[in-house]
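For reference, the structure discussed in these notes is given below.
Derivation of every value follows stated rules applied to the coordinates shown; laboratory data play no part. The structure presented is a predicted model; accordingly, all values stated were derived computationally and were not measured. Reconstructed Cβ throughout: ideal geometry from the backbone, glycine too, with neighbour counts over all protein chains shown.
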């Protein structure tokens, strides 16, 4: 079993990513399967728990009604500099209200970790050559933020307010 | 100008330490070259021909005296004693050593300067009208909005790994002095029926496929600046192409989808943001904007009768002063005050270069004569925005002494150019030598005044940092079998009458290009309807043909014949 970051701690991973379509989960395992297989086999797969791996081109808003109940959604980084899964994560957390495990997989390097944390990922599977302890430290590389994302930071313009009440919402449009 | 508070200072310090650690790991062999590349670009570092190039962001082109002094110190300590101003109002250093860059950035952070997102596939430094706050054609000062947006996009985690770079340009005036529609997004701050809002254009960009931004929304309410920017950036992050670096800008999405589908996507995303908790968080309150406005309040101008001076008498006595007044000094919205342009285009100077001594002199002059402030312009010159008339002669004398008073703003020798092959790792051809040759042909001020306003722009490669596509005469350096050649475009403009220039024909050799440009200018002088008609107006009236015929001299007829034969 490999080790990953979950909720800021280094833990043993209790999920298996089944990219190999031939593999057959047994009833007590926790499996993550790619979206295509998940669609085809989710009612017949006899896994203890089933998570789904999405390509970073997937429209999470359109798909969400189908995957909302999944205990785990894994999002993919083909290279660490491809930020599409960051938008998927922010939409899942903020707009769609997903509260299950949001997991980053693929070319996940230490220098991506800070940005993952801000976008709402609570589980991070670093590339095998990465130092896990360094990855955990990277979550706090920068402890301030100008803008809100999906990690609870308040926007800096709101922090600077004097405490007066919000003005009425304008509905000019 | 904007003054950092504790949040700004702490955030910048932590960011600088993040990069210090990344650099340490790279130099220790713990971080592969390719991975480090992505990180250093987002801290302003390109690998250049001789050394790394460090681009320093100058937010919306505004510099204070303390920052100018720090720049003097930095270019002396870490570079060869000079810096280079770019068309995006930034400063580039050509000779820093990688291992010293974290220290350099730490020094800059002391004076609120940084290189965050100066390069790389992210939201770049925001550009703005260099006459913001002082122009008489201004509806609204765009700088408070620029700074609000700067803070929104700085280290934005969702938009830190975009398909390609993304540039915002702002204007709040009738005349567009910031080439806004050459940006991925242009924001025009305006008032409509008493309410403040923004007109957004999206999809501009130069480079291989030069395009001007198209109108997306004619009036986004003032409170929604960050929501609309978020909608654009999110749409770009999701749908921008990542399979081909040359097709990765947002302009390609617009082109492939067509404007209706593109607009629907952005407006739909904007509506979703607006109706959600995210919109509540991004919505700017009047208080937020008012607080930001106080950072850009007008300086304590003297009453007009104290600031005014009779300029006619000294001008009559000194021709140099008269020429400078005519070309480098412009109207100011306050009676008794003027806007002074500082030319970075002296003879023999690479366009936009500024030495340590000049940085220091400018700090001193800004403090003495312009409330401690200076702006970088889109044309690679500088502006002292608030000079009292009574100080103009003294200022001119001191600018002259620092070689900063060449009276050529907007004229033939005010050439815009990227650093070209001499420095840049991307360039195909040299630029500085060619600008000097053109300069020599039109060195006399009489000749330049005769020619009048003209914009000659030059890039050393397709990427178009010298904005050749929007020059009245644009020159693009290309590589042909290891030799430097130059393509000419005509009729481009970055302003209200924005247009992409038209390519004239085959490229000219290094030995021909300066003479070719001279022939184009002489053609204009012969063909203009009267002295009032500018080069651009003349070109637009007559079209390409007469200019093309003269550009290629005797070859043109032969070429026309062969084209006719081919047709």
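In percent, what relative contact order does segment B:1-104 have, based on Cα pairs under 8 Å that are 6 or more apart in sequence?
27 percent
Sorted by packing (mean other beta-carbon atoms within 10 Å per residue), highest first, where do B:228-241, B:507-520, B:358-371 land?
B:228-241, B:358-371, B:507-520
Can you put B:321, B:166, B:219 in order, fewest other beta carbons within 10 Å first?
With the sparsest Cβ surroundings first, the list reads B:219, B:321, B:166.
Between segment B:156-176 and segment B:337-409, what is the separation of their alpha carbon centroids in Å?
Their Cα centres are 28 Å away from one another.
When the convex hull of the C-alpha atoms of segment B:6-109 is computed, what volume per residue in Å³ does it have? Each step should come with its number before you reach the end.
Details: hull volume 11.2 nm³, N = 104.
Once divided by residue count, the hull of segment B:6-109 is 107 Å³.
Counting only DSSP beta bridges with both residues in segment B:88-207, tell me the antiparallel percent, nearest 5.
DSSP beta bridges in segment B:88-207 are roughly 55 percent antiparallel.
Under 8 Å for C-alpha pairs, at least 6 residues apart: give me the relative contact order for chain B, rounded to a whole percent.
Worked out over chain B, it gives 12 percent.
At q = 0.13, 0.15, 0.20 Å⁻¹, work out log10 I(q)/I(0) for segment B:310-401 with the Debye formula, treating every Cα as an identical point scatterer and leaving solvent out; two decimals please.
-0.41, -0.55, -0.99
For peptide B:144-157, how many partner chain Cβ atoms fall within 10 Å of a residue's Cβ, on average?
4
Kindly provide the helix-only [θ] at 222 nm of chain B, computed as the sum of -39,500 (n - 2.57) over DSSP H runs of four or more divided by all residues, to the nearest 500 deg cm²/dmol? Display every interim value, and only then the final one.
On the way: 21 runs with 222 residues, N = 567.
The helix-only estimate for chain B comes to -11500 deg cm²/dmol at 222 nm.
Kindly work out what percent of the DSSP beta bridges joining two residues of the protein assembly as shown are antiparallel, to the nearest 5.
So the antiparallel bridges amount to about 65 percent of the total.
What does the structure give for A:116-126 when I average, per residue, the other chain Cβ atoms found within 10 Å of the residue Cβ?
1
Take the alpha carbon atoms of segment B:262-330, find their center, do the same for segment B:104-123, and report the distance between the two centers in whole angstrom.
Cα centroid of segment B:262-330 versus Cα centroid of segment B:104-123: 23 Å apart.
What does the structure give for B:158-165 when I average, per residue, the other chain Cβ atoms found within 10 Å of the residue Cβ?
Mean inter-chain Cβ contacts per residue within 10 Å come to 6.
Against the empirical 2.2 N^0.38 Å scaling, what ratio does the C-alpha Rg of segment B:260-345 come to?
2.00
Could you tell me the distance between the Cα centroids of segment B:24-65 and segment B:80-96, to the nearest Å?
What the calculation gives is 13 Å, centre to centre.
Starting at 0 and stepping by 10 Å, how many percent of the alpha carbon pairs of segment B:287-445 end up in each bin?
10, 35, 32, 16, 7, 0
Report, as a whole number in µm² per second, the diffusion coefficient that Stokes-Einstein gives for segment B:76-188 at 25 °C and 0.890 mPa s using the Kirkwood radius over alpha carbon pairs.
In µm²/s, the coefficient is 157.
Any idea what the alpha-carbon Rg over 2.2 N^0.38 Å comes to for the protein assembly as shown?
1.02
Given the rule -39500 (n - 2.57) for each run of at least 4 DSSP H residues, summed and divided by the residues of chain A, what is its mean residue ellipticity at 222 nm, to the nearest 500 deg cm²/dmol?
-6000 deg cm²/dmol
Could you grab the Rg to Rh ratio for segment B:390-473? Cα atoms only, Kirkwood for Rh.
Rg/Rh for segment B:390-473 comes to 1.06.
P(r) for segment B:416-566, please, calculated from all Cα pair distances in 5 Å bins and given in %.
2, 10, 19, 22, 21, 15, 7, 3, 0
Could you tell me what fraction of 2.2 N^0.38 Å the Cα radius of gyration of chain B comes to, as a two-decimal ratio?
Cα Rg divided by the expected 2.2 N^0.38 Å: 0.96.
Using C-alpha positions alone, give me the convex hull volume of chain A per residue in cubic angstrom.
150 Å³
Kindly put B:493, A:2, B:223 in sequence by how many other C-beta atoms sit within 10 Å of each C-beta, fewest to most.
Starting with the residue having the fewest Cβ neighbours, the order is A:2, B:493, B:223.
Only bridges whose two residues both fall in chain B count here: according to DSSP, what percent of them are antiparallel, nearest 5?
Of those bridges, close to 80 percent are antiparallel.
Over chain A, what is the mean sequence separation of C-alpha contacts under 8 Å (at least six apart), divided by residue count, expressed as relative contact order in percent?
That works out to 17 percent.
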